[in-house]
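See structure below.
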Amino acid sequence: MRKFTMLSTLAALLVAAPVFAERVTIDLKDYDDDLMHDIERAIKYFEPDISGQNADAARDDAAELRRGFTYTHDYFSKKGNTQDAVEISKQGLQWLDTVLKELDAENYEAAAEGAREVSKACRNCHDTYKPDKARF
Amino acid sequence: MSLQSRRQMLFRTTLGAGGLTLSSLMPGGGIFAASAAELADPLAPKNPHFAAKAKSVIWLHMDGAPSTLDLFDYKPELIRLAGQEVPASFLQGIKTSTQGGVGKLFASKREWKQYGESGAWFSDLVPNIGKHADKIAFIKDSKTVGATHDISILKLNTGDVQPGRPSLGAWVSYALGSANPDLPSYVVLYDGNREPTGGSVNWSSGFLPAVYQGTAFRPGDSPIIDLDHPELVSDPQQREELNLLKALNEHRSALRPEDTELLARSRSYELAYRMEKSAPEAIDLSKETDATKEAYGLNDNATKGYGTNLLRARRLVERGVRFIQVVSGPIADTGGVDRNWDAHSSLEKNHSGHTKAVDKPIGALLQDLKDRGLLETTLVVWTSEFGRTSYGQSGDGRDHNPWGYTQWLAGGGSKAGYTHGATDEIGLRSIGKGVDTYDVHATVLNLLGLDHLKVTYQRAGRRERPTVVYGEVVPELIA
């Protein structure tokens, strides 16, 4: 029985490992700008890859975007008093799931519509949390 | 960047045709790149997605970013609070200048007046535009990203903050082709003694074939370098040379009918030949009446440069040019240095000079288009890369403001006498959702009968569109 429990625990950890792997330690003093640059590049590829019926590339974009939304979700959850940003991150993740389902079904138009919602999620968050400077 | 010459244009046109041929071999092939005829002539007219309200666009870019707070966006509260610190509530959620910080609220010495049945407010700097208030659809909640000129001008014209994407005019040429086989479908006009900020990247075809890029007409009587044939070659001689070249190319084409690039090259030679006649005629103002020239301000040095360009723009519209991008030129500032609208200091002198240069010609353009029955099908867009802040800078100037400023449309199926959105009480930030440059692009394309989501071009496995991955049509701006 004990052996079974250990094996079960090990199996559960292995299954959960990818999920934990996506999580990074959040440092509230140092927002990960490099990650956000990657995400901004990925979002500009996402819909064009889908519209171009380049499903593999779109899935790669989705993985990158998932990393970004997950980080944003964790960052703003830890920061507190920014529930709207947390919600936007969740919506972004949900739209990514929708897009991936449509991609699996080869419904490229529906997937592209979903990708546009992901873009909106990015912009909605930036409108409040990434204000543009008057000068650089 | 060097000025566009006929030879450069020929070369690029040929390259462009080749690029289009290649694109047709890629999956999807681009929504418009389908038939052999279109491949042979990438500027062949193409149908819009739905009935177009506008046939042509005159895109008036005010280079340097005017303070629309001092032209169109009347803010009594700003006047009342002038000289005080900006209330903190107005600064929440924005990052202000790192160079000199936020100055005190600044109001210029403007007089304001309502015009027309719409009752839109105009300052004393733009009385001639004010007379056309009922033709205008204001976008008073404009916003953008990036706030240096090069970056924001690029975004204004191409939709992205990095070079490489096609300008809006290039997308329009790609999507609709040319309505006049003897002229470029996309022309850029600028005045002053140097190219506009950012240069040709702002009328580039980006990843689209080069044939769709804007053709810059220089100020003066000879708009395209090397347009005239060489002195020692007579017109009949040149014609004979081209006939020989054409015969040889046709012979080769008959052997290899699949070589659309060669056919396109032959056509570009012929276009250049026809342009030797058509381009000078299109911009020759000698047949315009004295009254028209006076209306556009050609008899006054202050308005002559910009007025000439707007009169040329009207003539190009009459000749079926799809997209005319007019960039305002610099004028001498207090130190005698040429400067665009970028009034970080001496706003009064800067804007007085610039409005004197553009107000009368723009008023004349709107009236002239109306009188000739062209305003219904010609969309005039008054735009800039961003606006300027409510707070002052250097005592008597204003800093860059990407958060809230005014642009406007007139004609071409836009909603006349309408104001869309607003900025806050001091004119610093747009209220609500705001209208980004992507949304303006989507709306302009809609008025041209194009769905911005369906104007696509396949490159490197991706299907790109003019509004990148953003943009929404603003239906309220459409009549």
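Here A:ALA110 passes the criteria (1) surrounded by fewer than 17 Cβ atoms within 10 Å (Cβ to Cβ); (2) among the hydrophobic types (A, V, I, L, M, F, W, C); (3) under 30 Å from B:PHE90 (Cβ atoms) except the one numbered (3).
The lone criterion from (1) closer than 30 Å to B:LYS131 by Cα; (2) surrounded by 15 or more Cβ atoms within 10 Å (Cβ to Cβ); (3) not aliphatic (A, V, I, L, M) left unmet by B:ASN299 is number (2). Scanning segment B:185-214 for residues that are in contact with a helix residue (DSSP H, G or I) (Cβ under 8 Å, 6 or more places away or on another chain) and at pLDDT below 90, which turns out surrounded by the most Cβ atoms within 10 Å (Cβ to Cβ)? Among those that are in contact with a helix residue (DSSP H, G or I) (Cβ under 8 Å, 6 or more places away or on another chain) and at pLDDT below 90, it is B:VAL211.
Would you check if B:ASP141 is in a loop (DSSP other than H, G, I, E, B) and among the acidic types (Asp, Glu)?
So B:ASP141 does not fit the description; no.
Note on segment B:117-130: residues that are surrounded by 15 or more Cβ atoms within 10 Å (Cβ to Cβ) and either in contact with a strand residue (DSSP E or B) (Cβ under 7 Å, 6 or more places away or on another chain) or of a type in the set (Gly, Ala, Ser) (or both) amount to 7.
What are the residues in segment B:368-402 that are of a type outside the set (S, T, N, Q), assigned to a loop (DSSP other than H, G, I, E, B) and surrounded by fewer than 21 Cβ atoms within 10 Å (Cβ to Cβ), if any?
Selection gives B:ARG372, B:GLY373, B:LEU374, B:GLY395, B:ASP396.
Listed by first and then second residue, the pairs linking a residue in segment B:431-456 that is without any contact (Cβ under 8 Å) to a residue 12 or more places away in the chain to a residue that is among the hydroxyl-bearing types (Ser, Thr, Tyr) and part of a loop (DSSP other than H, G, I, E, B), with Cβ atoms under 9 Å apart and 6 or more places separating them unless they lie on different chains, form an empty list. Scanning segment B:114-152 for residues that are within 14 Å of chain A (Cβ to nearest Cβ) and in contact (Cβ under 8 Å) with a residue 60 or more places away in the chain yields B:ASP141, B:SER142, B:LYS143, B:THR144, B:VAL145, B:GLY146, B:ALA147, B:THR148, B:HIS149, B:SER152.
Suppose the filter is free of Cβ contacts under 8 Å to residues at least 40 places away in the same chain, within 21 Å of B:LYS277 (Cβ to Cβ) and not polar (S, T, N, Q); does B:LEU255 pass it? Spelling it out, it is not the case that B:LEU255 is free of Cβ contacts under 8 Å to residues at least 40 places away in the same chain, within 21 Å of B:LYS277 (Cβ to Cβ) and not polar (S, T, N, Q).
Please go through segment A:95-106 and give me each residue that is free of Cβ contacts under 8 Å to residues at least 24 places away in the same chain and either within 12 Å of chain B (Cβ to nearest Cβ) or loosely packed, with under 15 Cβ neighbours inside 10 Å (or both), ordered by number. Matches in segment A:95-106: A:ASP97, A:LYS101, A:ASP104, A:ALA105.
Taking the criterion of being within 14 Å of chain A (Cβ to nearest Cβ) and more than 24 Å from B:PRO196 (Cα to Cα), the residues of segment B:60-94 that qualify are B:VAL86, B:PHE90, B:LEU91, B:GLN92, B:GLY93, B:ILE94.
Quick check on this structure: which one of B:ASP141, B:ASP134 is of a type outside the set (Gly, Ala, Ser), crowded, with 19+ Cβ neighbours inside 10 Å and over 18 Å from the mean Cα position of the chain (by Cα)? One residue alone meets the criteria, B:ASP141. Could you please let me know if B:ARG314 is touching a strand residue (DSSP E or B) at 6+ places or on another chain (Cβ under 7 Å) and either over 27 Å from B:LEU69 (Cα atoms) or without any contact (Cβ under 8 Å) to a residue 40 or more places away in the chain (or both)? Here the answer is no, as B:ARG314 does not meet what is asked.
Restricting attention to segment A:22-52, the residues being within 12 Å of another protein chain (Cβ to nearest Cβ) and among the hydroxyl-bearing types (Ser, Thr, Tyr) number 2. Anything in segment B:52-81 that is in a loop (DSSP other than H, G, I, E, B) and small (Gly, Ala, Ser)? List them, or say none. Answer for segment B:52-81, where residues must be in a loop (DSSP other than H, G, I, E, B) and small (Gly, Ala, Ser): B:ALA52, B:ALA54, B:GLY64, B:ALA65, B:SER67.
Given the condition within 14 Å of chain B (Cβ to nearest Cβ) and in contact with a Cys (Cβ under 8 Å, 6 or more places away or on another chain), answer yes or no: does some residue in segment A:65-84 qualify? No: segment A:65-84 contains no residue that is within 14 Å of chain B (Cβ to nearest Cβ) and in contact with a Cys (Cβ under 8 Å, 6 or more places away or on another chain). For segment B:247-305, a residue qualifies if it is over 25 Å from B:PRO209 (Cβ atoms) and either touching an Asp or Glu at 6+ places or on another chain (Cβ under 6 Å) or acidic (Asp, Glu) (or both), and the qualifying residues are B:GLU281, B:ASP284, B:GLU288, B:ASP290, B:GLU294, B:ASP300, B:GLY305. Looking across B:GLN99, B:GLN162, B:GLN114, B:GLN84, one residue alone is exposed (fewer than 15 other Cβ atoms within 10 Å of the Cβ), modelled with pLDDT of 95 or more and part of a loop (DSSP other than H, G, I, E, B). It is B:GLN84.
Picking from residues in segment B:403-452 that are of a type in the set (Lys, Arg) and over 22 Å from B:THR148 (Cβ atoms), the one that is surrounded by the fewest Cβ atoms within 10 Å (Cβ to Cβ) is B:LYS433.
Where helices (runs of 4 or more DSSP H) fall entirely within segment B:200-306, those with at least 1 residues that are closer than 25 Å to B:VAL327 by Cα are at B:260-283, B:290-295. The lone criterion from (1) more than 30 Å from B:SER346 (Cβ to Cβ); (2) at the interface with chain A (Cβ under 10 Å from one of its Cβ atoms) left unmet by B:ASP399 is number (1).
On the stretch given as segment B:447-479, residues that are in contact with a strand residue (DSSP E or B) (Cβ under 9 Å, 6 or more places away or on another chain) and β-branched (Val, Ile, Thr) total 3.
The values are calculated or read from the model by the stated rules, or taken from the named source; none is laboratory data. This structure is a prediction, so every number in the text was calculated from the model and none was measured. Don't worry about glycine lacking a Cβ; one is built from the backbone with ideal geometry, like all the others, and counts go over all protein chains shown.
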